[in-house]
Amino acid sequence: MASLRDLGLSEYEARAYRALLRSGPTTAKELSRKSEVPMGRIYDVLNGLEQHRLVRSQAASRPKKYVAVEPDVGLDRLLEAKQRELDEQAEQYADTVDTLMDDLEAAAPVNGQFWTAAVGPEETLELLLERIDAADESLRIVAGSPSAGLDLRSASSRVVDGLEAALERGVDVQLLLTPTVVCNLPESTIEAYNARLSEYDNYAVRTHEAVDGTFNMIDGVEVCLEVPNPLDPEQAFAMIDLKDRNFAADVREVFQPRWEDADPLKLPQHH
């Protein structure tokens, strides 16, 4: 059940405010009796209610009297105060994350080699999305296999969300497809990519006939290799994520001339 305590009042403050609403202008002594707040606490409670801007006092009257502000005004003031408090907490958490990020990145090895693998369509997609989210500078995405890379057909909206977030934070995204992959994709998938991503200056998509395999290169140091299902080449079977600067450099040497020789994507014509 909702109560005034949910909005930051103490039990005594909530009791006193409700009693003031019922009684109209009231002295501290009368309010103590009506609200059952001990007399020894009533002035602290009234000071608290004044800080919450829930009561007004008639300083000129003797003895001093107090009156409650209307419920709609009072609740709005409590809500505003709570929102300010939550905003401040959110800023503190964001500052904590920034500080921890610096600390943790400083502790991470720069040139360490590491690889991991995911097996199965869902696990493969989750690993890919995680690595897209981790990109800081660049994403080179090559979809040349029949599985159409990225599992574009069934996962396009989540992949586009990840790519758009990357573009928003300044990551350069280059998407290289074979014309065959483009022809096999539904128009809705291509249009989704084009409509949401093509407005970014740091996004480019091209096609090239001589592209083999499907992989993603992250920040020039990490490569996600897609492994097609040997029983059904049109399905992704697994993904291997390899962090190795030397291997990534070799991949970049193969990618770059293909990219420079590639053609801008031509969208399929509607019939």
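So the values come out like this:
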read-out: Relative packing of 44-50, 118-124, 221-227, which averages over residues the other C-beta atoms within 10 Å, highest first; value: 221-227, 44-50, 118-124
read-out: Cα-based Rg / Dmax (Å) for the chain; value: 31.2, 94
read-out: FRET efficiency for Tyr43 and Leu7, using Cβ-Cβ distance with R0 set to 35 Å, rounded to 0.05; value: 0.95
read-out: Cα-projected label distance for Leu75 with Ser157, points at 7 Å along beta-carbon direction, nm; value: 3.5
read-out: Prolate/oblate/rounded call for segment 114-264, Cα gyration tensor, a/c under 1.5 rounded; value: rounded
read-out: For segment 1-108: relative contact order, % (alpha-carbon pairs under 8 angstrom, 6 or more apart); value: 24
read-out: Which of Leu100, Asn202, Leu163, positive extreme of dipole for the chain (C-beta unit charges); value: Leu100
read-out: Karplus 3J(HN,Hα) series, Hz, for segment 179-191 with 6.51 cos²θ - 1.76 cosθ + 1.60 (x for Gly, Pro); value: x, 5, 4, 4, 5, 7, 7, x, 4, 4, 5, 5, 5
read-out: The chain: relative contact order in percent, alpha carbon pairs under 8 Å with at least 6 residues between; value: 17
read-out: Thr207 long-range amide H proximity, modeled H, under 5 Å; value: Leu177, Asp263, Leu265
read-out: Cα shape, segment 1-108, gyration tensor, a/c 1.5 rule; value: prolate
read-out: Computed E for Asp133/Glu187 - FRET, C-beta separation, R0 30 angstrom, nearest 0.05; value: 0.65
read-out: Sequence ranges 54-60, 157-163, ranked by mean other-Cβ count within 10 angstrom, highest first; value: 157-163, 54-60
read-out: Spin-label pair Glu91/Arg33, simplified geometry with 7 Å Cα→Cβ offset, distance in nm; value: 4.7
read-out: Amide hydrogen neighbours beyond the local backbone of Asp172, cut-off 5 Å, H modeled; value: Ser138, Leu139
read-out: The chain - charge dipole about Cα centre, Lys and Arg +1 at Cβ, Asp and Glu -1, debye rounded to 20; value: 2660
read-out: Sequence-distant residues sharing a close amide H with Ala117 (under 5 Å, placed H); value: Asp241
read-out: Relative packing of peptides 70-77, 242-249 - highest average C-beta neighbours within 10 Å first; value: 242-249, 70-77
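Since every read-out is calculated from the coordinates, none of them should be taken as a lab result. Nothing here was measured: the structure is a model prediction, and the numbers come from that model. Using ideal geometry, Cβ is built from the backbone for each residue, glycine included, and neighbour counts are taken over all protein chains shown.
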